[in-house]
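What follows is a set of notes on a single structure, which appears directly below.
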Amino acid sequence: MTHKSFDTKNGTVQGRDMGAVTRICRLRYALAPVGERRFAPPEPVSTWRGVLDCTGPDAPVAPQLPSRLAKVMGDYPAAQDEDCLHLDIWVPHARGGALPVLVFIHGGAFMTGGGAMSCYDGAALAERETVIVINISYRLGVLGFLPITGVSPANLGLRDIELALQVIRAQISGFGGDAGNITVCGQSAGAYAIQALLTRDVAPELFDRAVLMSSPMGLRLQGPDAQAQAAAQFCQAIGMQDADCLRAAPVADVLNAQGAVLRGLKRSPDEVAPPFLPVLDGEFLCMDPTSDEAVLKAAWCPMIAGVTREEHAAFHYLDTAFHAQASALIEARFTAAYGPQGATELVRARARRVPATDSAVLIDHGSRQRFVRGTFDYLDARSNSAAPTWAYVFAWQSPTPGIGACHCIELPFVFGNLPMWHGAPMLGDAPKAELEGLAHLFGGALAQFAHSGDPAAQHALHWPNFGTDRVYLTVSPSVNAAALLPGTYPC
């Protein structure tokens, strides 16, 4: 195995040569959040002497319970460890100067996932597009997103991500990266985390552009007081109230108690919002990331934002309870959303869906309420921003019946690491050439955005700005641009 060394401001880092790229595995950006540092804001690492060995083949992800989306994405086992505050980096060998940097922030409802998962391997993207790819891992669930009075401040996971981006900006030149050309790309919870960071005064110091994929902009955040009930349920489930005891509790007990909180939720089968979220604490996060105030705050940032066509299909695939209750729920959901116009909107929704089963229409409704409508409202509010904006709807659908163009389906095409996704139900038996072609177009456009700030630059793709004409790209085997009519949404 061949190694390659990089001289950073903190010391020398040794990575593993993988042919066309060098991988730096598990580069810590913060001290391990264990013992006294569990439930504490992240602390940056200091300098080191000698060579830091980052050649290992695998890195852990944050402690977590099984993912509810494995049924569509597939399963990607990884070791779990509270010592998870690290970066995984892929540096291409071919270069002609400082390279653009693409930082990926994973999703998983703030409860699951990790930058070290094999499905997010950045080697293929780094090699094909000549960009440095960096994945951030951060704290999840109770350990990252549950404020507990006297024990844990709010938004620890967001604080982790912010520190990671500060470290990347400061250190990336040592890896051959351009510290003045950093693009953050987040999916689902990762995209929402970027929006949260965009409300911070320090955001322009962290990154230069943003890609928001399937951000759950229909979420409504709560303050610390509203989270007190979940904190009380967690403390009751783990049988501890004392701060020292909670910091010392075995991580398995923490996860078991987190599972008890999840099982205690009394929700309808179409409710999918996670219980552990960023919190409007008035300190780290002072405004709703989707508010008009937040849009104005983020006006400086060039942005790509989009959704998949059937976001909610991922949550309800093989969900017998949802399909059994869809008919009983559908009228109530439309009435709650549209008031006296609910019946009319339901007729319109049925007209847009073939076949218009209650399950399919309710999936479209959930997609619109939690992802699509909020995203396009946000884009509308940005339409006069100084920074350009591009929009898309990812419409390539799975050959596996019932999955459609679901939440997460764009991820293999971002990274272009299709062999890593072998066996993923959402890709099914789709033709290899079709998958590779779409990865070249979509992943290539995002990489071009990282290079130049324009996803269509030097790329065989017509992708106009969203602008006041409300133009978005429909991503499918036959990629095309389509204009949104005023007041309409793609589903």
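Bear in mind that the values in this text are calculations on the coordinates, not laboratory data. What you see is a predicted model, and the numbers here were worked out from it, not measured in a lab. For neighbour counting, all protein chains shown are included, and Cβ atoms are generated from backbone atoms with ideal geometry for every residue, glycine included.
What the table below lists for this structure:
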{"item": "Helix-derived mean residue ellipticity, 222 nm - over the chain, DSSP H n ≥ 4, -39500 (n - 2.57), to 500", "result": "-9500 deg cm²/dmol"}
{"item": "For T474, T199, order by how many other beta-carbon atoms lie within 10 Å, fewest first", "result": "T474, T199"}
{"item": "Those lysines that a straight Cα-Cα span of less than 26 Å connects to K297, excepting residues fewer than 8 apart in one chain", "result": "none"}
{"item": "Local electrostatic count, P147, Cβ distance below 10 Å [Lys/Arg +1, Asp/Glu -1]", "result": "-2"}
{"item": "Rounded FRET efficiency, nearest 0.05, which uses the C-beta distance separating R49 from L318 and R0 of 35 Å", "result": "0.10"}
{"item": "The chain, dipole about Cα centre (Lys/Arg Cβ +1, Asp/Glu Cβ -1), debye to the nearest 20", "result": "380"}
{"item": "Neighbour count of at most 14 Cβ within 10 Å plus DSSP loop: longest GluC sites (Glu not before Pro)-free window in the chain", "result": "1-270"}
{"item": "Kirkwood Rh, Cα atoms: Rg over Rh of region 312-402", "result": "1.03"}
{"item": "Farthest toward positive dipole pole in the chain [+1 Lys/Arg, -1 Asp/Glu at C-beta], among A457, L27, S478", "result": "S478"}
{"item": "The chain: relative contact order as a whole-number percent, Cα under 8 Å and 6+ apart", "result": "15"}
{"item": "Region 289-362: mean projected area of Cα convex hull, nm²", "result": "7.0"}
{"item": "Computed over region 336-491, Cα set: Rg, Dmax in Å", "result": "16.9, 50"}
{"item": "From the C-alpha gyration tensor of region 164-292, square roots of 5λ in Å", "result": "32, 20, 14"}
{"item": "Long-range tail of P(r) for the chain (Cα pairs > 37 Å, %)", "result": "24"}
{"item": "Set of region 59-77 residues, backbone N closer than 12 Å to the point 7 Å along the Cα-Cβ line of D83", "result": "60"}
{"item": "Charge sum, other residues only, whose C-beta stays under 15 Å from G467's C-beta, Lys/Arg counted +1 and Asp/Glu -1", "result": "-1"}
{"item": "Label-to-label distance, nm, for residues given as R263 and R353 (7 Å Cα→Cβ offset)", "result": "3.2"}
{"item": "Region 102-143 versus region 37-79: alpha-carbon centroid distance in Å", "result": "10"}
{"item": "Paired Rg and Dmax values of region 128-233, which use every Cα atom, in angstrom", "result": "15.5, 49"}
{"item": "Scattering curve values for region 359-423, log₁₀ I(q)/I(0), Debye with Cα scatterers, q = 0.18, 0.21, 0.29 Å⁻¹", "result": "-0.85, -1.00, -1.27"}
{"item": "Within the chain, percent of DSSP bridges classed antiparallel, to nearest 5", "result": "40"}
